[in-house]
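Structure, as structure tokens:
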Amino acid sequence: QVQLVESGGGLVQAGGSLRLSCAASRSIFSINVMTWYRQAPGKERELVATITSGGLTNYGDSVKGRFTISRANAENTVYLQMNSLKPEDTAVYYCTAATLMGSYWGQGTQVTVSS
């Protein structure tokens, strides 16, 4: 089992940047895949970015070239660097961990981008 706590959300103007953090309660070294999702009011949940234990990354089409996911195993933390933010990036961002025992989710952090 692993607990995840997201932080770093907030209010930012369009064109600005934020860095989200996802701190895990234990080592993430063995966690195969960690993923950031987001969900805006009235919209379906959307995959933002994934990173494997080997460092392979994948991004949703709407964030490619603007967002970067990374993992710091020594810190038990996954980051999401978000640049060139747009109002349509406004959502609650969730961190998830996929393990052999199941998937775990954080409580989410709100990101609001003003125009």
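The values are calculated or read from the model by the stated rules, or taken from the named source; none is laboratory data. Note that the structure is predicted; figures quoted are calculated from it, not measured. FYI the Cβ positions are ideal-geometry reconstructions off the backbone, even for glycines, and counts take in every protein chain you see. Heavy atoms of the whole protein, side chains included, go into the accessibility calculation; ligands, DNA and RNA do not. Shrake-Rupley method; radii C 1.70, N 1.55, O 1.52, S 1.80 Å.
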Can you say whether Ser115 is in contact with a helix residue (DSSP H, G or I) (Cβ under 7 Å, 6 or more places away or on another chain) and open to solvent by 30 Å² or more (accessible area, probe 1.4 Å), as far as the supplied structure shows? yes
Being buried (at least 18 other Cβ atoms within 10 Å of the Cβ), at pLDDT below 95 and either touching a Lys or Arg at 6+ places or on another chain (Cβ under 9 Å) or over 19 Å from Ser115 (Cα atoms) (or both): is that true of Ile69 here? no
Could you tell me which residue of region 92-103 is farthest from the chain's Cα centre (by Cα), considering only residues that are more than 13 Å from Ala49 (Cβ to Cβ) and open to solvent by less than 50 Å² (accessible area, probe 1.4 Å)? Gly102
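A quick yes/no check of all residues on (1) of a type in the set (S, T, N, Q); (2) surrounded by 21 or more Cβ atoms within 10 Å (Cβ to Cβ); (3) out of contact with any strand residue (DSSP E or B) (no Cβ under 7 Å at 6 or more places or on another chain):
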| residue | (1), (2), (3) |
| --- | --- |
| Gly9 | no, no, no |
| Ser17 | yes, no, no |
| Ile28 | no, yes, no |
| Ile31 | no, yes, no |
| Arg38 | no, yes, no |
| Met82 | no, yes, no |
| Asp89 | no, yes, no |
| Trp105 | no, no, no |
Would you check if Ala49 is touching a residue at least 60 places away in the same chain (Cβ under 8 Å), touching a Phe, Trp or Tyr at 6+ places or on another chain (Cβ under 6 Å) and outside any loop (DSSP other than H, G, I, E, B)? no
